[in-house]
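Input: a single structure, listed below in structure tokens.
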Amino acid sequence: MNRELSIVKEQIKKFNLDLSELTVITECASGFYAYNTFVPILAKAKKVIAVSKTTSHGSYDQNKKNIENLAEELEINTSTLEIVEKLDEQHISEADIITNSGHVRPISNKIISQMKRTAVIPLMWETWEFRDDDLDLNSAIQNDILVLGTKETSSQIDMRGYAGALGLAILVYLKLEVYKTKVVLFGKEILGDAIVEMFKKNGVEYLWFVDNPANESQKSYKELGNYKDIIKSYDVILFAEHSFRDEILTKEHGLTLKDLSYLNKEIKVGIIAGNIRENDLIESNLEYFPKKIMPPGYLSFQTYDMGAKPVIELFSAGLKIGQQMAMHRLNGMSLEKTIEFMITKSFAMDFIGKSYMDRYKEIRGIDC
């Protein structure tokens, strides 16, 4: 059996995914993401509406043809699938679940206002990664559309191993040995923390900088200039900063790319995530990877680059959250009770700092 299809079936079984009463809007994408289209189909969704756009990864026609060819090759019945280039009001009003997938985004006020009030939007990642330009959260709240994230550190899914493996994989791409490689690491949260755990297990020597140090193993970005003499003997600078959106290598922090180039012309730069300018990298003449650098808040190097399983697993986990939220809402459970159930009984994740219900009460003017 095709390995990716085996992973799809494995995840459906693992999460006991049953969408037989639900209509799902998701994406029709390329590469490993194409297999996500088959997850709701094989989880017996009543209907799957897959939207595709023309991007640098492929055109609408190419994506559609690829899905059709894969379905035929893998003998998947696509009678419940409709692939579209644009969502219309009928599609949106039918949906019980709209996934926060790339080709579906941005999920605007126009889309949300056409959704039925029992419909839900699961985020296929943790809520601290939320970006306003992906989804109009205020509109969702105003229209009683529940939005929750996926807790990637829960025992049922635990994506930290994949995040940690990214740190090792990028060293390999940079033709570094991993074992005994000396790394200056930028970033905390799920990426930095997971990478450090993987470094410890694989004999990587690291110097770790974060925005707000929580212990003695972490140094502050503001202290970078104090470590110039140490950093110049290291093999690689690794950006794994997904939450701090400002530039790190600055005069204010005491170290710039120009400084790095002067200190050690052989030091390499790896970028998983973080604020670094591609033009500055080119001008520094330092070797870096990957060659396409994404804006802050997006991943330049991601688990997709290592294989299909993390892509399909995280998507399937998000769909499971969508299934549970949607069924509770269809059965008449209130927003507040649904959130309480999801947070205590599943691996769903509420918004950090200001929860969905706190935002709801604030936007609706409800006295706490």
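The values are calculated or read from the model by the stated rules, or taken from the named source; none is laboratory data. Keep in mind that this is a model prediction, so the values were computed, not measured. Backbone-built Cβ (ideal geometry, glycine too); neighbour counts: all protein chains shown. To get the accessible areas, we keep the full protein, side chains included, count just its heavy atoms, and leave off ligands, DNA and RNA. Shrake-Rupley method; radii C 1.70, N 1.55, O 1.52, S 1.80 Å.
Remark: the chain carries a charge dipole of roughly 360 debye about the Cα centre, counting +1 on each Lys and Arg Cβ and -1 on each Asp and Glu Cβ.
Taking amide H positions as modeled 1.01 Å from N, with prolines and chain starts lacking one, the residues under 5 Å from LEU135 and 5 or more places away or on another chain are ILE107. Secondary-structure-derived ellipticity at 222 nm for the chain, considering helices only, amounts to -10500 deg cm²/dmol, per-run term -39500 (n - 2.57) for DSSP H runs with n ≥ 4. Counting only whole DSSP H helices of the chain, the ones at least 18 Å long by C-alpha along their axis and with mean Kyte-Doolittle hydropathy no lower than 1.0 are 160-173. Once you reduce segment 318-341 and segment 59-122 to the center of their Cα atoms, the two points are 21 Å from each other.
Rounded to the nearest 20, the Cβ-based charge dipole of segment 244-313 about its Cα centre (Lys and Arg +1, Asp and Glu -1) stands at 100 debye. Other residues with beta-carbon under 10 Å from the beta-carbon of LEU224 carry, at +1 per Lys or Arg and -1 per Asp or Glu, a net charge of 0. Read phi for every residue in segment 252-265 and hand back ³J(HN,Hα) as whole Hz from Karplus 6.51 cos²θ - 1.76 cosθ + 1.60, θ = phi - 60°, with x for Gly and Pro. Each residue's phi maps through the Karplus curve to give 4, 8, x, 7, 10, 4, 4, 4, 4, 4, 6, 5, 7, 5 Hz. Selection among ALA273, MET198, TYR234 by position relative to the dipole of the chain gives MET198 as farthest towards the positive end (Cβ unit charges, Cα centre). Assign one of three labels to segment 329-368, namely rounded, prolate or oblate, based on the Cα gyration tensor with a ≥ b ≥ c the square roots of its eigenvalues; rounded applies when a/c is under 1.5, prolate when it is not and a/b is larger than b/c, and oblate otherwise. Taking the square roots of the gyration eigenvalues as a ≥ b ≥ c, segment 329-368 is oblate. Coupling constants for segment 125-131 follow from the phi torsions by the Karplus curve (6.51 cos²θ - 1.76 cosθ + 1.60, θ = phi - 60°), and in residue order they are 6, 6, 5, 5, 8, 4, 10 Hz; glycine and proline get x.
Once amide H atoms are built 1.01 Å from N in the peptide plane, which residues 5 or more positions from LEU238, or in another chain, come under 5 Å H to H? Under 5 Å from the amide H of LEU238: VAL184, LEU185, PHE186, GLY270.
Each peptide in 247-258, 54-65 receives the mean, over its residues, of other Cβ atoms within 10 Å, and ordering these scores from highest gives 247-258, 54-65. The radius of gyration of the Cα set in segment 223-332, together with its Dmax, comes out at 19.2, 64 angstrom.
Positive end of the dipole of the chain (Cβ unit charges, origin at the Cα centre): among GLY31, ASN215, LEU335, the Cα lying farthest that way belongs to ASN215. The alpha-carbon of LYS53 sits under 28 angstrom from the alpha-carbons of these lysines, leaving out residues fewer than 8 places away in its chain: LYS9, LYS44, LYS64, LYS65, LYS86, LYS110, LYS116, LYS291, LYS292, LYS309, LYS320. Note that the chain presents 46 Å² accessible area per residue, ligands and nucleic acids not counted, probe 1.4 Å. Taking amide H atoms as placed 1.01 Å from N in the peptide plane, the amide H of VAL120 lies under 5 Å from those of ILE97, ILE98, each 5 or more residues away in sequence or on another chain.
Summing Cβ point charges (Lys, Arg +1; Asp, Glu -1) relative to the Cα centre of segment 1-146 gives a dipole of roughly 180 debye.
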